[in-house]
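Encoded as structure tokens, the structure appears first; notes follow it.
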Amino acid sequence: MTESRKTEAGSEDYERVICQIKGVLGARLVTDTGGNISEIHIMAVSGRSPKQIVRDVESAILVQLGVAVDHKKISIVQVEAPALPGEVAEDRAMYMTTNCRLHLISINLFTRGPEAEATVEVEVGSGGGGTVYQGHACGPNAPEHSLRLVAAATVNALAKYCGSNWSLALEDLAWVEVAHRRAALCALLLATSLGSEYLVGVTLVEGDERQAAARAVLQALACRFCNQGI
């Protein structure tokens, strides 16, 4: 089985997508003379099933790059997460956390003449009794902009949870067709003392596009840091 179609994506695009997956430390592609993928080598921390990582890699590449990759081409090597000294070790502990759960509590959109404000409440916890963070975003009172305001308010709520350890920003919110259904796709930029990376979340629309926009943001963070659903 080979890739379903060729794309203009380069090796760095595949590696970027793969490195967004929880537990992945690094990735390297091997291509043939025609530019087709022949091998994908991944280094990941121990604690996750290699089969699950492979499934995540297949799904992430299919959703973000539109390419179906043969799972037989993917090899996983697992290592213990290295112990790092001082502040970097503390950041790494937060960076690799796997005990959080994100709940969307409420979404409100207010309009005042030419301006609109979105307010989103998110609960962050490990199974009940979590902390609720409220985020806000203001912008033009225009239907085509309201969903982006909801996503931005969700990011603002999560940024309050992150505090000074992370810097989180909404890069893009797009709407795509997946399996003949409409879905919200968001891209976040996360920066820590260890560097920066893009996180991507996708959520199918279940009647309310505002909820889909907010849940796509939560999905982007949950897929990278959490071991439970939203």
| Among the listed residues A68, A27, which satisfies the condition of being modelled with pLDDT of 55 or more, touching a Leu at 6+ places or on another chain (Cβ under 6 Å), outside any helix (DSSP H, G or I) and among the small types (G, A, S)? | A68
| message | Among (1) modelled with pLDDT under 90; (2) farther than 17 Å from E123 by Cα; (3) in contact with a Gly (Cβ under 9 Å, 6 or more places away or on another chain), there is one condition A220 misses while meeting the rest; what is its number? | response | (2)
| Quick check: is even one residue across region 112-122 closer than 26 Å to A191 by Cβ, in contact with a Phe, Trp or Tyr (Cβ under 6 Å, 6 or more places away or on another chain), at pLDDT 90 or above and not acidic (D, E)? | yes
| remark: Of those in region 174-219 that are in a strand (DSSP E or B) and of a type in the set (D, E), the residue farthest from Q20 (Cα to Cα) is E177
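The values are calculated or read from the model by the stated rules, or taken from the named source; none is laboratory data. No experiment lies behind these values; they were computed from the predicted model shown. Counting neighbours? That spans all protein chains shown, and the Cβs are built from the backbone with ideal geometry, glycine included.
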